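Working notes, structure below.
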Amino acid sequence: MPRELLILRHAKSDWNTDSPNDFARPLAKRGKKDAPQVGAWLYREGLIPDWVVSSPAKRAKETARQVCKSLEFKPKRIAWEPALYGADVPTLLKVLADCPSEAEIVLLIGHNPGLEELLRFLAGEDLETPPDGKLLPTAALARLEMPKDWRNLEPGCAQLLHIRRPRAPRIK
């Protein structure tokens, strides 16, 4: 069975809140609806991750918990990785390199622009940008077939299987 990486951008966050900073921004009403739907879709597709790693920012944490609840993946098994908040491609590659070697399906939950940049790095720069200009809008999930070793990820090493967007038909 080939390895897979599921890249999930956190669900829609609430900008109209009295959060003290960006890190503490919670999910919006739409985000609270979309996150469990992503988990339910993953469950229906049989895409149950062996390893889940998420940004600890409030909106990502809420997304991870809702998705994992739908997957019957215990929240205490989620790896909360502070480096994912505002991460660039080298940081994201380091997080992936630290995944357990036996993990066949990894779910990575974080933020843009880093996740879009990672997707372009792994799948190749020639990915078609959708008309709205966003490869990974909120609650979008990219599914990639990956090489056997999480520690040796080169540009273009992955095969994009598809991108699932909550509000639009899937890409590819």
Semi-axes a, b, c in Å (a largest) for region 80-172, each sqrt of 5 times a Cα gyration tensor eigenvalue, come to 21, 15, 12
Aspartates and glutamates near LYS29 by alpha-carbon distance under 19 Å, same-chain residues fewer than 8 away left out - which ones?
ASP14, ASP18, GLU62
Magnitude of the charge dipole, region 80-172, Cβ model with Lys/Arg +1 and Asp/Glu -1, debye to 20:
420 debye
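In which sequence would THR129, THR138 go, from the one with the fewest C-beta neighbours within 10 Å to the one with the most?
THR129, THR138
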If the chain between TRP80 and SER101 were fully extended at 0.36 nm per residue, the gain over the current Cα-Cα distance would be 5.8 nm
Quick one: which of LYS12/LYS33; LYS76/LYS148; LYS69/LYS148; LYS32/LYS58; LYS69/LYS94; LYS12/LYS58 span more than 20 angstrom between C-alpha atoms?
LYS76/LYS148; LYS69/LYS148; LYS69/LYS94
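Out of all DSSP beta bridges with both ends in the chain, state the antiparallel percent to the nearest 5.
55 percent
Expressed as cubic angstrom per residue, what is the convex hull volume of the alpha carbon set of the chain? Don't skip to the end; give the middle numbers.
Details: hull volume 18.6 nm³, N = 172.
Value for the chain: 108 Å³ per residue.
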Degrees, to the nearest 10: 114-123 long Cα axis against longest axis of the chain
20 degrees
For the chain, longest principal axis from Cα atoms; helix 29-45 axis from its Cα atoms; angle between them, nearest 10 degrees, is 30 degrees
Which value in nm describes the separation of the simple spin-label points at GLU125 and LYS69, placed 7 Å from the Cα toward the beta carbon?
4.3 nm
Taking only Cα atoms, what is the 0 to 90° angle, nearest 10, from helix 58-71's long axis to the longest principal axis of the chain?
70 degrees
For SER13, residues with placed amide H under 5 Å, excluding near neighbours:
ALA28
Quick one: what do you get for region 1-66 if you divide its Cα Rg by 2.2 N^0.38 Å?
1.22
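Any read-out appearing in this document is the output of simple, stated calculations on the displayed coordinates, not a laboratory observation. Just so it is clear, the structure is predicted and the values come from calculations on it, not from any experiment. Please note: Cβ atoms are built from the backbone with ideal geometry, for glycine as well, and neighbour counts cover all protein chains shown.
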